[in-house]
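Visitor: I'd like to ask you about the structure that follows.
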Amino acid sequence: MKIVMLGAPGAGKGTQAKKIADRYQLPHISTGDIFRTNIKNGTELGMKAKTYMDKGNLVPDSLTLELVVDRLNQTDCKNGYVFDGFPRTIPQAEALTGALEAKGEKVDFAIDIEVPDEEIVKRMSGRRACLKCGATYHILFNAPKENDICDRCGNELSMREDDRPSTVLNRLSIYHKQTQPLIDYYQGMGCLVQFDGTKDVEEVFNDILEVLGE
Ligand code: AMP
């Protein structure tokens with residue numbers, strides 16, 4: 001099963017992508033996580049990506065596609081995957097379609113999670129992440145047991161640089177301009193499914209499972 005997740009930053013794509021990947025034993029491929037790991041490890045790709053990410057801008061397609069093609073060729077991808085945060089532009093979606101077509105494959109589901117902008121801003125300002133183990137929290141909806149401390153590894157939690165309010169507004173405007181057109185793109189390909197992302201996490205997940213055939 002090949003799945004791409006669509007939706008504004010903060011709509012809950014990452015949370016649902018992880019749950020779907022767990023349920024169906026598929027790799028969860030988050031381009032944002034791959035860039036963040038590269039930044040943490042000080043790689044050349046990480047240094048290049050950071051200058052765009054810190055401002056809330058998209059990393060250029062050429063850099064993004066290079067890492068995605070490399071990831072798709074790894075053996076754990078042979079039975080499918082859940083892409084989270086990719087594709088984010090029409091050229092990225094076209095490149096993915098082309099890479100799949102070359103192998104006689106296609107995206108099975110483009111899962112779009114819809115949340116209004118005002119709600120997104122509220123959500124993102126409360127997000128916290130553990131830079132050590134990758135766990136994510138929200139001060140209102142999924143708070144750690146101890147304030148600002150990771151439940152899983154005890155590390156101090158931080159706010160992502162790009163979750164700061166001014167950056168969030170830039171990310172939303174980029175989402176509307178560059179990523180939202182993918183909804184029509186995947187609708188045209190006949191694999192778009194849309195969900196109300198204002199419901200709680202488990203409800204959204206159940207709605208998704210119903211469509212995926214459970
Ligand atoms: P995310 O964790 O998915 O919200 O991504 C964080 C940031 O990484 C984005 O704001 C972009 O700067 C960059 N990024 C992640 N995925 C992509 C992509 N497919 N294309 C371009 N930039 C990306």
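Residue by residue, here is whether (1) touching a residue at least 24 places away in the same chain (Cβ under 8 Å); (2) closer than 20 Å to P9 by Cα holds:
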| residue | (1), (2) |
| --- | --- |
| T51 | no, yes |
| N57 | yes, yes |
| T64 | yes, yes |
| V68 | yes, yes |
| K78 | no, no |
| F83 | yes, yes |
| P87 | yes, yes |
| I90 | yes, yes |
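Visitor: Sticking with this one: For segment 35-48, which residues satisfy the criterion of being open to solvent by 40 Å² or more (accessible area, probe 1.4 Å) and near the ligand (Cβ under 8 Å from one of its atoms)?
Guide: R36
Visitor: Another question, if that's okay. Looking at segment 91-114, which of its residues are open to solvent by less than 50 Å² (accessible area, probe 1.4 Å) and assigned to a helix (DSSP H, G or I)?
Guide: Q92, A93, A95, L96, T97, G98, A99, L100
Visitor: I would also like to ask the following. Select from segment 49-62 the residues that are surrounded by 16 or more Cβ atoms within 10 Å (Cβ to Cβ) and more than 8 Å from the ligand (Cβ to nearest atom) and list them in ascending order.
Guide: K50
Visitor: Looking only at segment 151-169, count how many residues are open to solvent by 50 Å² or more (accessible area, probe 1.4 Å) and in a helix (DSSP H, G or I).
Guide: Number satisfying all stated conditions: 4.
Visitor: For segment 170-185, enumerate the residues that are surrounded by 14 or more Cβ atoms within 10 Å (Cβ to Cβ) and of a type in the set (S, T, Y).
Guide: Y175, T179, Y185
Visitor: Considering only residues that are within 12 Å of the ligand (Cβ to nearest atom) and in a helix (DSSP H, G or I), which ones fall in segment 16-34?
Guide: Residues satisfying the conditions are A17, T31, G32, D33, I34.
Visitor: Among the numbered criteria (1) closer than 26 Å to N57 by Cα; (2) open to solvent by 90 Å² or more (accessible area, probe 1.4 Å); (3) at pLDDT below 95, which single criterion is violated by E214?
Guide: (1)
The values are calculated or read from the model by the stated rules, or taken from the named source; none is laboratory data. A quick note: this is a predicted structure, and the numbers were derived from the prediction, not measured. Note: ideal-geometry Cβ built from the backbone for every residue, glycine included; neighbour counts use all protein chains shown. Protein only, heavy atoms only, side chains kept; ligands, DNA and RNA dropped before computing areas. Shrake-Rupley method; radii C 1.70, N 1.55, O 1.52, S 1.80 Å.
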